[in-house]
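S.K.: Following this message is one structure expressed as structure tokens.
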Amino acid sequence: MDPSGIFPTSYRADRRVVRTRWQAIALALFIGLMLAAPYLASGRIIAVMNMMMISAVIAVGLQICTGYAGQINLGQAAFMGVGAYTASILASKTGLTFLLTIPLAGLSAALFGFLFGLTAARIKGFYLALTTIAAQFIFHFAVLNLPSSWMGGSNGITVPPAEIFGFRIIGETAQFYMNFAVALIMIAGAFGIVRSRFGRAFVAVRDDDVAAGIMGINVAATKANAFLIGAFYAGVGGALWAYLIRFVGVDQFTLFNSIFFVAMIIVGGMGSIVGALIGVFVIRIIQEIIATVGPNIAESVSFLGGDIVFAGMNVILGGVIALSMIVEPKGLMHRWNILKSSYRIWPFPY
Amino acid sequence: MVYFVNDIITGALIGLLYSLVAMGFVVIYRASKVFNFAQGELVIIGGFIVWFTTMQLGLSLWFSIPLSLVLAGLVGYAIERIFLTKLIGESVFSMVMVTVGLLILLRGLVLLLFGPAVRPFPIIFPLKPLFLGDMLIPMNLLIGGIITIVAALGLSWFFNRTRSGLRMTAVAEDHIVASSMGISVKGSIAFAWVLGAILSTIGAMIFLSGKSLTFLASDIGFAALPVALFAGLESIGGLILAGVIIGIVQSLTTNYLDPLIGGSLGSVVPYIIMLAILLIRPTGLFGWRTIERV
């Protein structure tokens, strides 16, 4: 919601993403800080930020699919895996530059997602979510059972580093800029998508698909598009992941990872791109804390098994999902908006 | 030929086991309209309860099985009380999302409490298979199949013929309408979860009897998913047919197709059937066809 006194006088102004001068300043400051981050922060923080930016791309895709179009998607990690595998196969076998492999990874994941989205022509509601679980299983099956010269089987694939003009993008700092550039493009694109004709169709389908159909929206195509876009984002994120880790294996893309992405958008807030980014930040921090603290706890409390990091991650993130659904189903973004409007009208209650 | 018939019979019995686990999905769906993604986790919790009462407390099976069922019911009730009661009146979407959260929460809890160790599971059904001529049929699956059919017919009668069953069906139609007609949505959902947890525990007993127990056994929850969808999420009686068909197809694929192509196609064939059935007949074999209004 705009602060009082801001009245768009043309449709162009009404559709603007950056609406006030303060927003423009904040955005410029944020981008400036991000660009300077490798010189300000230590390597460990940069490593975490790299993970956050990749997760942000994937979570924003999921936000478009689930938050905007209302299609529960429990296969985001599989779509990410398709992207990661495409990028690593292209990079290691054909030696294509990352400028091509990343978009191609996105496209192949989008195709895979679209196939499952196509079922929307017949299926409604959360039945559709079940086909995405099938996507997860079929992805695992395909990787493990196709000849291992194709997709590496259970051994995984090693990925050569990304290269541009003879400069090898290795090390946290160089990868930071690559990830930041891609994340910036993708997130800017997401803002564009959700305020376009497609984005408005997504919201209409989410709110009531029967009504949306009566208004002339092709509901099945819209749902399939939502999966296509969500999977495209996942594929791009997967390609970045492949270049960051330099190794892809099938157990990096499990149902649990998909649920972690769902946790991100639920905590951040459904139906808001910024919410997805907040969710990524919060969940990644929680994961980082568990990964750091977990082994220490495991040492001091002996009766807990050795798998405490994974187990604790599941307990806490599962708890976070349930808690946010019960306490604040609209997510942290909604809280922030409440806070924002209350300081704008302070000292009046409303 | 004997082997072929044997594969079909074993496949059908495994399919009936899937039906029993799928019954947990359907019962919860039939009484609350919530699709429970955490069904496999309920199975594994049931398994650990049975293991705990039999192996740890050392009770004889005659005491431990009823005690386990009661405990499982309590777990189901607790889950409902803690997580789902508060969401009555919110969208069904939130409830489904909570069960997704429950999926990883319960998995983590089981791992934290029991660890990844492999444990022996008590032998509940005789290990000696039944010999029919040259065929041998696993005893646990045979008894399990009979339990499944009895449970399916009983629950089908309960939900379609009795007053309280129809009341729950009304809740599955629409929470708000049901509660304005004086039906307790809370009670219905609580009953569904208690029943779902008990069915899962019975499923765990049949599935794991005489085998080893780890948290990985929860995969049966997702293996049962295609059966629930094939039957149609609202039909309990239909689960028998759907389970038998999927079990037979899976068994034949594993035994005859897998050696040819050298992969584990048998494990994904149920999902392929599921995708196909969702495309051809989205409501499953016996699901309700709903009419939507704006």
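Condition check ((1) in contact with a strand residue (DSSP E or B) (Cβ under 8 Å, 6 or more places away or on another chain); (2) farther than 21 Å from B:A38 by Cβ; (3) among the aliphatic types (A, V, I, L, M); (4) touching a residue at least 60 places away in the same chain (Cβ under 8 Å)) across all residues:
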residue	(1), (2), (3), (4)
B:F230	no, no, no, no
B:V249	no, yes, yes, yes
B:P259	no, yes, no, no
B:V268	no, yes, yes, no
B:L279	no, yes, yes, no
B:T283	no, yes, no, no
B:R293	no, yes, no, no
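S.K.: Taking only pairs six or more apart or across chains, which ones have beta-carbon atoms under 6 Å, a first residue in segment A:200-218 that is within 11 Å of another protein chain (Cβ to nearest Cβ), and a second residue that is of a type in the set (A, V, I, L, M)?
M.R.: Qualifying pairs under 6 Å: A:R206/A:A69; A:D209/A:V219; A:V210/B:V294; A:A211/B:V294; A:A212/A:A204; A:A212/A:V205; A:A212/A:V219; A:G213/A:V219.
S.K.: Determine if segment A:225-244 includes at least one residue that is within 24 Å of A:I185 (Cα to Cα) and surrounded by fewer than 21 Cβ atoms within 10 Å (Cβ to Cβ).
M.R.: Scanning segment A:225-244, I find no residue that is within 24 Å of A:I185 (Cα to Cα) and surrounded by fewer than 21 Cβ atoms within 10 Å (Cβ to Cβ), so the answer is no.
S.K.: Could you tell me which numbered condition A:E299 fails, if it satisfies all but one of (1) more than 12 Å from chain B (Cβ to nearest Cβ); (2) modelled with pLDDT of 90 or more?
M.R.: So the condition that A:E299 fails would be (2).
S.K.: Would you confirm, using the coordinates I've provided, whether A:F116 is under 30 Å from B:M95 (Cα atoms), part of a helix (DSSP H, G or I), away from every other protein chain (no Cβ under 14 Å) and not basic (K, R)?
M.R.: no
S.K.: Output the qualifying pairs, or none if there are none: Cβ atoms under 7 angstrom, residues six or more apart or on different chains, first residue in segment B:204-228 and within 12 Å of another protein chain (Cβ to nearest Cβ), second residue basic (K, R).
M.R.: If the second residue must be basic (K, R), the pairs left are B:F215/B:R107; B:S218/B:R107.
S.K.: Report yes if A:F176 is within 23 Å of A:L240 (Cα to Cα), of a type in the set (A, V, I, L, M, F, W, C) and crowded, with 20+ Cβ neighbours inside 10 Å, otherwise no.
M.R.: For A:F176, the condition - within 23 Å of A:L240 (Cα to Cα), of a type in the set (A, V, I, L, M, F, W, C) and crowded, with 20+ Cβ neighbours inside 10 Å - is met.
S.K.: Among A:S92, A:S88, which is in contact with a strand residue (DSSP E or B) (Cβ under 8 Å, 6 or more places away or on another chain), at pLDDT below 90 and part of a helix (DSSP H, G or I)?
M.R.: Criteria check complete, one pass: A:S92.
S.K.: Is it the case, given these coordinates, that A:A129 is at pLDDT below 85, within 14 Å of chain B (Cβ to nearest Cβ) and either closer than 22 Å to A:G67 by Cβ or touching a strand residue (DSSP E or B) at 6+ places or on another chain (Cβ under 7 Å) (or both)?
M.R.: Criteria met by A:A129.
S.K.: Here's another thing I want to ask about it. I need the full set of residues from segment A:167-204 which are among the β-branched types (V, I, T) and more than 21 Å from the chain's Cα centre (by Cα), in order please.
M.R.: Those that are among the β-branched types (V, I, T) and more than 21 Å from the chain's Cα centre (by Cα): A:I169, A:I170, A:T173.
S.K.: Picking from B:F48, B:F63, B:F35, B:F52, which residue would you name as being within 19 Å of the chain's Cα centre (by Cα) and more than 8 Å from every other protein chain (Cβ to nearest Cβ)?
M.R.: Checking each option against the conditions leaves just B:F48.
S.K.: Check segment B:75-92 and report whether any residue there is closer than 28 Å to B:L13 by Cβ, more than 8 Å from every other protein chain (Cβ to nearest Cβ) and either under 19 Å from the mean Cα position of the chain (by Cα) or in a helix (DSSP H, G or I) (or both).
M.R.: Yes: one or more hits.
S.K.: Oh, and also: Between A:F260, A:F256, which is more than 24 Å from A:I185 (Cα to Cα), among the aromatic types (F, W, Y), in contact (Cβ under 8 Å) with a residue 12 or more places away in the chain and assigned to a helix (DSSP H, G or I)?
M.R.: Checking each option against the conditions leaves just A:F256.
S.K.: Search segment A:21-48 for residues that are surrounded by 12 or more Cβ atoms within 10 Å (Cβ to Cβ) and pair each with any residue that is polar (S, T, N, Q) and assigned to a helix (DSSP H, G or I) when their beta-carbon atoms are under 7 Å apart and the residues are at least 6 apart or on different chains.
M.R.: Pairs found: A:P38/A:T173; A:I46/A:T173.
To keep it simple, each residue is scored yes or no on (1) within 25 Å of B:I146 (Cα to Cα); (2) more than 13 Å from the chain's Cα centre (by Cα).
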position: B:T201; (1), (2): yes, no
position: B:F207; (1), (2): yes, no
position: B:G210; (1), (2): yes, yes
position: B:P226; (1), (2): yes, no
position: B:F230; (1), (2): yes, yes
position: B:G243; (1), (2): yes, no
position: B:T254; (1), (2): yes, yes
position: B:L279; (1), (2): no, yes
position: B:L285; (1), (2): yes, yes
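Yes/no matrix, rows are residues, columns are (1) of a type outside the set (F, W, Y); (2) touching a strand residue (DSSP E or B) at 6+ places or on another chain (Cβ under 8 Å); (3) within 19 Å of A:A311 (Cβ to Cβ):
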residue	(1), (2), (3)
B:V34	yes, no, no
B:W62	no, no, no
B:L87	yes, no, no
B:V100	yes, no, yes
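S.K.: Just for segment B:93-132: of the residues that are among the basic types (K, R) and surrounded by fewer than 18 Cβ atoms within 10 Å (Cβ to Cβ), which one is nearest to the other protein chains (Cβ to nearest Cβ)?
M.R.: B:R119
S.K.: I would also like to ask the following. Please go through segment A:139-175 and pick out each residue that is in contact (Cβ under 8 Å) with a residue 12 or more places away in the chain and either β-branched (V, I, T) or assigned to a strand (DSSP E or B) (or both).
M.R.: Result: A:V143, A:I157, A:T158, A:V159, A:A162, A:E163, A:I164, A:I169, A:T173.
Residues are listed down the side, and each one gets a yes or a no for (1) within 17 Å of B:V26 (Cβ to Cβ); (2) free of Cβ contacts under 8 Å to residues at least 60 places away in the same chain; (3) touching a Leu at 6+ places or on another chain (Cβ under 6 Å):
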| residue | (1), (2), (3) |
| --- | --- |
| B:L132 | no, yes, no |
| B:T148 | yes, no, yes |
| B:W157 | yes, yes, no |
| B:G165 | yes, yes, no |
| B:M168 | yes, no, no |
| B:A178 | no, yes, no |
| B:I183 | no, yes, no |
| B:K186 | no, no, no |
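S.K.: Which of the numbered conditions does A:G271 fail, given that it passes all the others? Conditions: (1) assigned to a helix (DSSP H, G or I); (2) more than 28 Å from A:H140 (Cα to Cα).
M.R.: (1)
The values are calculated or read from the model by the stated rules, or taken from the named source; none is laboratory data. These numbers were taken from a predicted model, which means no experiment stands behind them. Note that each Cβ is placed from the backbone with ideal geometry, even for glycine, and that neighbours are counted across all protein chains shown.
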